[in-house]
Protein chains: 2
Amino acid sequence: MEVNEIPGGVTAALGFHAAGVHAGIKKSKKPDVAIIFSEVPAQVGGVFTQNRVKAAPVLFSQKVVAKGTAQAIVVNSGNANACTGRTGEETAGLMAIWAAEELGIKKEHVVVSSTGVIGQQLPRDIIKTGIKKAAANLSREGGNDAARAILTTDKFSKEIAIQAEFGDALITVGGICKGSGMIHPNMATMLAFITTDASVEAPVLQQTIKNAADKTFNMVTVDGDTSTNDMAIILANGKAGNPSINEKSPFLSQFQKMVDYVCMKLAKMLAMDGEGASKLLEVQVNNALSEQDARKAAKAVASSSLVKSAVFGEDANWGRILCAVGYSGANIDPETVEIWLESAAGREKVAELGTGLEFNEENAKKILQEKEIKIIIDLHQGKEGATAWGCDLTYDYVKINADYRT
Amino acid sequence: MEVNEIPGGVTAALGFHAAGVHAGIKKSKKPDVAIIFSEVPAQVGGVFTQNRVKAAPVLFSQKVVAKGTAQAIVVNSGNANACTGRTGEETAGLMAIWAAEELGIKKEHVVVSSTGVIGQQLPRDIIKTGIKKAAANLSREGGNDAARAILTTDKFSKEIAIQAEFGDALITVGGICKGSGMIHPNMATMLAFITTDASVEAPVLQQTIKNAADKTFNMVTVDGDTSTNDMAIILANGKAGNPSINEKSPFLSQFQKMVDYVCMKLAKMLAMDGEGASKLLEVQVNNALSEQDARKAAKAVASSSLVKSAVFGEDANWGRILCAVGYSGANIDPETVEIWLESAAGREKVAELGTGLEFNEENAKKILQEKEIKIIIDLHQGKEGATAWGCDLTYDYVKINADYRT
């Protein structure tokens, strides 16, 4: 499949408009309310946090997604509307009503999403004004504004769009996301909004976003905390005019690949922008007995505070990598594990048969001095693989999180 | 039961001698080889790391413990003898042989233990000389020397001893441990050596140390990494002359309490001395449906990088606490959770019914400024409880771990 990256992010696909505005939820002047709008009702799919403590907008939006149709997503940053009781639930419902009124659509077709501080009520007057302002600012070029309005401690906005031909139809898939802290496998404080002009049946769309999230967002870890607010939502409005993709469609696998690609690119941006991160860490586990084993091992290594600290210190401490594989819960034989370090500067095998090698320390150091580091672990046990993404653990992570609330 | 704390640590109990000497495994002048010796063969019990990657001394000592009798423990710090293949396994065996020769005991009665850097061969000539020197230095007052010789990045040595009367007999239980980094539930880089002059049957002794470890060492978390080298070993040499404790002994529960007490005190010292820690964090979960649920919730909160960073920043961010309870896997109802902060400066309820309260920020700040912070979580679901210990996440943690190996 030939995939072309194009600009436009979440508004790259036909029929999508977006806006991001400053309403005043954040103390700074940064944008904090976003709306993503489809000209026509779209099929919707979504995956949500597995935390037992679910924020009000998560509870609200799960019901919208379950019905399969949505036309707009309204998002605020600066306040998570989590642990806010009945009042918070009412606020989430009001956000949908206000957005529906401004956009002239059904309130049942509005997905609501929030991110930010937990446990404080979202000020209704501010969010109402913000929604009005965002609705008035919607445009076909608003993707980047929306991308910026959903950020919290993120250092940069995250967006991507790609195109591919499905027979006669030109299909676009685009997306934005926010992450930074609390990113961990199984949907952590991570919001991702994907749009496509493909026509896709709702159950297939749901399965597609779930598959993609399992391989991408759920394989990103920053600090091991799983948030109350995460969601990844996909809207498919059919504007591209392709024959609707169902389970038997010849384009189903191609569509899955496109969504995977968009989610993978966003996931890597999430990891790169982990709180305080100075390096992107990619952990690739090969030749595991099962995909589950490969995922467990990759996630354990990418999550290890000791590995992450060593990557920050550019120290080829392969023992910590092997140790994390050992406690990951993956079915492994310690005596067959092989470990490589790799980056733009080269590659070096640092361990094999579960034991350290007399490797070239200078080369290893050079590899670790790069911004993007890959740890490749060959388990020599089976044929399955998985990749996890993370970042190094730095002084800045501690600084950012020591006093976030006040 | 009346328990008296006494000095002497691991040599407080009758018939135990110890030494800690500098052999040269560590680059510094600090002691790095310890021997703990019983005048007579003792019953032995022990628990070991659950990491699939087990260091050579762990594999060796598991076999010794399985046979139920030991007379000496030889320990080195500075090198973990982990991921060192067959050569490392031979070195562990040689350590037992050399110690047995110097002490005039059976090599099958020697427990071997190592801690430090992973993946480098332990220099045999140095360890051999160290064992000789330690054996020559054994004394009834050597407990503290041994306590210091097993440390790695620890800031202080950890020892405790207590006495209680079992009928006519005066029973002493003492212990030392080392911890610092990589401390996590289920035996993380943690060595603990407990000695007692009680007479206890081996299977009972094994069950006693397992019970104690589950409630104490396995509830301590510093960074979530589980090491390759952990062990907690108990020797009982019967020198106190009590009728041997078996399953039906009226003193069994009293003995369990003494071992629990020693392990709990050592566990708290471990947490307090977590790498880079500036505060001790105690997380108490009450009224859970099961003890398992209580443990899961307590460990998740004590392990959360976000909670730990907030404690470092003295920020009453209860939302992160509730969030960690939510993803802990414990069976909870988010809407009944109540959270208190407590320290020597007072206590403050910060959340109830799963929602934040308008609490006294000034009081909360004062509570969090103390060195020992308690988070009390009432789940209002059942009757079971558990406590976990941890520490805050600081700049120093990152500093210590960014370049430990080189």
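The values are calculated or read from the model by the stated rules, or taken from the named source; none is laboratory data. These numbers come from a predicted model, not from an experiment. Glycine also receives a Cβ, built like all others from the backbone with ideal geometry; neighbour counts cover every protein chain displayed.
Here are some notes:
- Whichever residue in the range B:313-340 is part of a helix (DSSP H, G or I) and in contact (Cβ under 8 Å) with a residue 40 or more places away in the chain and, among such residues, is nearest to the other protein chains (Cβ to nearest Cβ): B:Val325
- Residue in the range A:138-147 that is acidic (Asp, Glu), more than 20 Å from A:Ala19 (Cα to Cα) and assigned by TED's automatic domain parsing to the domain that holds A:Leu266 present: no
- Filter result for A:Lys257 (touching an Asp or Glu at 6+ places or on another chain (Cβ under 8 Å) and not in a strand (DSSP E or B)): no
- Just so you know, in the range A:263-288 the residues that are assigned to a helix (DSSP H, G or I) and modelled with pLDDT under 90 include one that is nearest to the chain's Cα centre (by Cα), and it is A:Leu270.
- Taken together, the criteria exclude B:Ala192 from residues that are assigned by TED's automatic domain parsing to the domain that holds B:Ile25, under 30 Å from B:Ser305 (Cβ atoms) and modelled with pLDDT under 95.
- Residues in the range A:118-153 that are under 19 Å from A:Leu270 (Cα atoms) and either away from every other protein chain (no Cβ under 14 Å) or out of contact with any Asp or Glu (no Cβ under 7 Å at 6 or more places or on another chain) (or both): A:Gly143, A:Asn144, A:Asp145, A:Ala146, A:Ala147, A:Arg148, A:Ala149, A:Ile150, A:Leu151, A:Thr152.
- Among (1) more than 9 Å from every other protein chain (Cβ to nearest Cβ); (2) of a type in the set (A, V, I, L, M, F, W, C); (3) closer than 20 Å to B:Lys268 by Cα, the one test that B:Ala288 misses: (3)
- Here the range A:28-63 is the region considered, the condition is being in contact (Cβ under 8 Å) with a residue 12 or more places away in the chain, away from chain B (no Cβ under 14 Å) and in a loop (DSSP other than H, G, I, E, B), and the residue that is surrounded by the most Cβ atoms within 10 Å (Cβ to Cβ) is A:Asp32.
- Neighbours by Cβ (under 7 Å, 6+ apart or cross-chain): first from the range A:228-252, more than 15 Å from A:Ala192 (Cβ to Cβ); second basic (Lys, Arg): A:Thr228/A:Lys54
- Within the range A:261-273, not a single residue is within 14 Å of chain B (Cβ to nearest Cβ) and either touching a residue at least 60 places away in the same chain (Cβ under 8 Å) or at negative phi (or both).
- In the range A:64-91, the residues that are free of Cβ contacts under 8 Å to residues at least 40 places away in the same chain, more than 14 Å from chain B (Cβ to nearest Cβ) and surrounded by fewer than 24 Cβ atoms within 10 Å (Cβ to Cβ): A:Ala66
- Unmet requirement for B:Phe217, which otherwise passes all of (1) in contact with a Ser or Thr (Cβ under 6 Å, 6 or more places away or on another chain); (2) more than 14 Å from every other protein chain (Cβ to nearest Cβ): (1)
- Any chance A:Ser249 is surrounded by fewer than 21 Cβ atoms within 10 Å (Cβ to Cβ) and not assigned by TED's automatic domain parsing to the domain that holds A:Ala213: no
- In the range B:345-386, the residue that is nearest to B:Asp273 (Cα to Cα) out of those that are in contact with a Cys (Cβ under 9 Å, 6 or more places away or on another chain) and in contact (Cβ under 8 Å) with a residue 24 or more places away in the chain is B:Ala351.
- Count of the range B:357-380 residues which are crowded, with 18+ Cβ neighbours inside 10 Å and not hydrophobic (A, V, I, L, M, F, W, C): 2
- If you go through the range B:339-356 and keep only what is within 16 Å of B:Cys323 (Cα to Cα) and surrounded by fewer than 19 Cβ atoms within 10 Å (Cβ to Cβ), you end up with B:Glu352, B:Leu353.
- Qualifying positions in the range B:341-353 - within 33 Å of the chain's Cα centre (by Cα) and either more than 14 Å from every other protein chain (Cβ to nearest Cβ) or assigned to a loop (DSSP other than H, G, I, E, B) (or both): B:Glu342, B:Ser343, B:Ala344, B:Ala345, B:Gly346, B:Arg347, B:Glu348
- Condition check for B:Ser309: away from chain A (no Cβ under 11 Å) and of a type in the set (Ser, Thr, Tyr): no
Yes or no, residue by residue, for (1) buried (at least 24 other Cβ atoms within 10 Å of the Cβ); (2) outside the structural domain of A:Ala70 (by TED's automatic domain parsing); (3) modelled with pLDDT under 95; (4) not acidic (Asp, Glu):
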| site | (1), (2), (3), (4) |
| --- | --- |
| A:Leu235 | yes, no, no, yes |
| A:Gly238 | no, no, no, yes |
| A:Asn242 | no, no, no, yes |
| A:Met258 | yes, no, no, yes |
| A:Tyr261 | no, no, no, yes |
| A:Ser290 | no, yes, no, yes |
| A:Ala302 | yes, yes, yes, yes |
| A:Lys308 | yes, yes, yes, yes |
| A:Glu314 | no, yes, yes, no |
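- The residues on offer are A:Glu102, A:Glu108, and the sole one that is without any contact (Cβ under 8 Å) to a residue 60 or more places away in the chain, surrounded by fewer than 18 Cβ atoms within 10 Å (Cβ to Cβ) and out of contact with any Gly (no Cβ under 7 Å at 6 or more places or on another chain) is A:Glu108.
- The range B:362-406, subset modelled with pLDDT of 80 or more, within 20 Å of the chain's Cα centre (by Cα) and within 21 Å of A:Tyr397 (Cα to Cα), residue nearest to the other protein chains (Cβ to nearest Cβ): B:Leu393
- The set of residues in the range B:315-359 that are in contact with a strand residue (DSSP E or B) (Cβ under 9 Å, 6 or more places away or on another chain) and at positive phi comprises B:Leu353, B:Gly354.
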